[in-house]
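Reviewing the structure listed below.
The values are calculated or read from the model by the stated rules, or taken from the named source; none is laboratory data. These numbers were taken from a predicted model, which means no experiment stands behind them. So basically every Cβ, Gly included, is an ideal-geometry build from the backbone, and we count neighbours across all protein chains shown.
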Amino acid sequence: MSLNLPLDAPPLRILIVEDDPMMQLGLEQSLMSYPQLEIVGRAEDGYLGVQAALKLKPDLVVMDIGLPRLDGIAATQQIKAALPQTHIVMLTSHQTETEIIAALSSGADAYCIKGATVERLLSAISAAVEGAAYLDPQIARRVIENLKPPANKTNSANLSQRELEVLKLMVDGLSNPEIAEKLYLSPNTVKTHVRGIMNKLSVDDRVQAAVVALRSGLV
């Protein structure tokens, strides 16, 4: 899989915050194989992660939750407060609803489970850079049901068949370019469908759209 980043854009500068040396090395080797990505730093605890982020000002941080000294959720909150344009992808084995919601509330842009394929991590990175929220499909369906109240079913019924197809793939955590490839549509057409879906469901972002979809039984 290739990253959905402009070919003429400079490499995405990434900071890895991970306390397991083997995991840190594996992540670095996997991500360095993509020319669109550049690893600019590593840190083995949350405190050092915050210090490294403030110094390096990376485009994106891959962050664990269970870190020494300062956990990944607190570190994310501090980084986002100082560097709101820096994207943060949580890559963790933690899967409780409380931790996931706390991570998203702290400002994390994406939540990916350790052990997932590199392709899934790349999907999370791509979604974060696009400004979209990403939840690992392993946890998305059982978590986002708790994020919003039930949807207005009158609005839900107005979606076209194509919009329902796009919505299902949004719930599954696919980015716009991935949806375009899956449905044989242009990226611009997918963007138009996503905007239409959010307007019809009266929501502000993709996570809320997924919440509405699940709570109203659309997918």
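Computed values, structure above
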read-out: In region 128-162, the residues that are over 27 Å from Met90 (Cβ atoms), modelled with pLDDT of 60 or more and of a type in the set (Gly, Ala, Ser); value: Ser160
read-out: Which listed residue is in contact (Cβ under 8 Å) with a residue 40 or more places away in the chain and not assigned by TED's automatic domain parsing to the domain that holds Arg206, from Leu83, Leu54, Leu48, Leu27; value: Leu27
read-out: Residue list for region 48-106, filter: among the basic types (Lys, Arg) and either assigned to a loop (DSSP other than H, G, I, E, B) or more than 16 Å from the chain's Cα centre (by Cα) (or both); value: Lys55, Lys57, Arg69
read-out: Region 177-204, subset in contact with a Pro (Cβ under 6 Å, 6 or more places away or on another chain) and surrounded by 18 or more Cβ atoms within 10 Å (Cβ to Cβ), residue nearest to Glu163 (Cα to Cα); value: Ala180
read-out: Candidate set from region 58-72 (those that are of a type outside the set (A, V, I, L, M, F, W, C) and over 19 Å from Ala110 (Cβ atoms)); member that is surrounded by the most Cβ atoms within 10 Å (Cβ to Cβ); value: Arg69
